[in-house]
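Some notes on the structure that comes next.
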Amino acid sequence: MARRRAFATTKAHGGLTALIAASAATFALYLSFHLFPEGRLLLWPLVLLSTLVHELGHGLTALLLGGEFTGLYIWPDASGVALYSAHFGTVRRAAVAAVAAGGLLGPPLFAYVLFVAGRHPLSARRALGVVAIVFMLVSLLWARNLFGMLFIGALALALGIVSLRGSSRLAQFGSVFVGVQMALSVFSRGDYLFMREAVTAQGIGPSDTSQIAQAQYLPFWFWGALIAVLSTWLLWHGLRAFAPWVK
């Protein structure tokens, strides 16, 4: 019993240290964004990452529902598009709405997984390794523009190096840090939930919540509010799973 308690205390201490370090690094990044012109460059990859996870949410949801994930575009302005094709039959409306919601729920769900994995260095290392493999497959199989392919491939390589060669503390910090960034992106880009249209490098089109509204009739702002509640719920339970002392 004493050994178990000591192990639990050590694990909680390591998780708290990782969370403090990730929060401090995040604060430093956002402070540099406001103080120095170069600060925008430091945050740019993190914004691109949230776009990637968002678009993957669309594509992977389509795959899970029996459709085909046909392409992914990520542009330097941090916009992106996921392409899919499917004949959902009698459940078409529900499936189209689910694919649209999949992108919106991608970042909070990813944050949840990384928070849970970040509880222990070994699970954090494994999670980063799995994410690295998935991103490399995405770069090779679905990325359709050069910038997107290079960015996703570089990200996969970086995460793979941390997973295979980094220390246990670095892997745990990496898992928690990326989780924090995905959690913040839910709120920093939360205004998109209540936009009727989306602007990408390809032009202007209906936003995700507008697509849900077209499929399910209720107004887009209702679906935006519902997605916001679900996102907050995911983040809260991810934080509670990571930090049992959070009530």
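The values are calculated or read from the model by the stated rules, or taken from the named source; none is laboratory data. Computed from a predicted structure; not experimentally measured. A quick note on method: Cβ atoms are made from the backbone with ideal geometry, for glycine too, and the neighbour counts reach across all protein chains shown. Only protein heavy atoms, including side chains, enter the accessible area calculation; ligands, DNA and RNA are left aside. Shrake-Rupley method; radii C 1.70, N 1.55, O 1.52, S 1.80 Å.
Gln172 - would you say it is open to solvent by less than 60 Å² (accessible area, probe 1.4 Å), touching a Lys or Arg at 6+ places or on another chain (Cβ under 9 Å) and touching a residue at least 12 places away in the same chain (Cβ under 8 Å)?
Taking the combined requirement at face value, the residue satisfies it.
So in segment 176-197, with the set limited to residues that are without any contact (Cβ under 8 Å) to a residue 60 or more places away in the chain and not hydroxyl-bearing (Ser, Thr, Tyr), which one is most open to solvent (accessible area, probe 1.4 Å)?
Among residues in segment 176-197 that are without any contact (Cβ under 8 Å) to a residue 60 or more places away in the chain and not hydroxyl-bearing (Ser, Thr, Tyr), the one most open to solvent (accessible area, probe 1.4 Å) is Arg196.
Taking only pairs six or more apart or across chains, which ones have beta-carbon atoms under 7 Å, a first residue in segment 123-152 that is over 15 Å from Phe110 (Cα atoms) and part of a helix (DSSP H, G or I), and a second residue that is open to solvent by 30 Å² or more (accessible area, probe 1.4 Å) and not polar (S, T, N, Q)?
What qualifies is Ser139/Met149; Phe147/Trp75; Phe147/Pro76; Gly148/Tyr73.
Are there any pairs with C-beta distances below 8 angstrom linking a residue in segment 209-232 that is closer than 19 Å to Gly89 by Cα and modelled with pLDDT of 95 or more to a residue that is exposed (fewer than 15 other Cβ atoms within 10 Å of the Cβ) and not hydroxyl-bearing (Ser, Thr, Tyr), with the two at least 6 apart or on different chains, and if so which?
Matching pairs, first to second residue: none at all.
Output the residues belonging to segment 198-242 that are touching an Asp or Glu at 6+ places or on another chain (Cβ under 8 Å) and surrounded by fewer than 16 Cβ atoms within 10 Å (Cβ to Cβ).
Those that are touching an Asp or Glu at 6+ places or on another chain (Cβ under 8 Å) and surrounded by fewer than 16 Cβ atoms within 10 Å (Cβ to Cβ): Ala201, Ile204, Gly205.
Could you tell me whether segment 90-110 includes any residue that is within 11 Å of the chain's Cα centre (by Cα), open to solvent by 50 Å² or more (accessible area, probe 1.4 Å) and either aliphatic (A, V, I, L, M) or farther than 20 Å from Thr200 by Cα (or both)?
Looking for residues that are within 11 Å of the chain's Cα centre (by Cα), open to solvent by 50 Å² or more (accessible area, probe 1.4 Å) and either aliphatic (A, V, I, L, M) or farther than 20 Å from Thr200 by Cα (or both), one finds at least one in segment 90-110, hence yes.
Could you list, in sequence order, all residues of segment 211-247 that are under 18 Å from Val96 (Cα atoms) and under 21 Å from the mean Cα position of the chain (by Cα)?
Within segment 211-247, Gln211, Ile212, Trp223, Gly224, Leu226, Ile227 meet the criteria.
Which of the residues belonging to segment 64-81 are closer than 19 Å to Arg189 by Cα, open to solvent by less than 20 Å² (accessible area, probe 1.4 Å) and either touching a residue at least 40 places away in the same chain (Cβ under 8 Å) or in contact with a Pro (Cβ under 7 Å, 6 or more places away or on another chain) (or both)?
Once the filter is applied, which keeps residues that are closer than 19 Å to Arg189 by Cα, open to solvent by less than 20 Å² (accessible area, probe 1.4 Å) and either touching a residue at least 40 places away in the same chain (Cβ under 8 Å) or in contact with a Pro (Cβ under 7 Å, 6 or more places away or on another chain) (or both), segment 64-81 yields Ile74, Ser79, Gly80.
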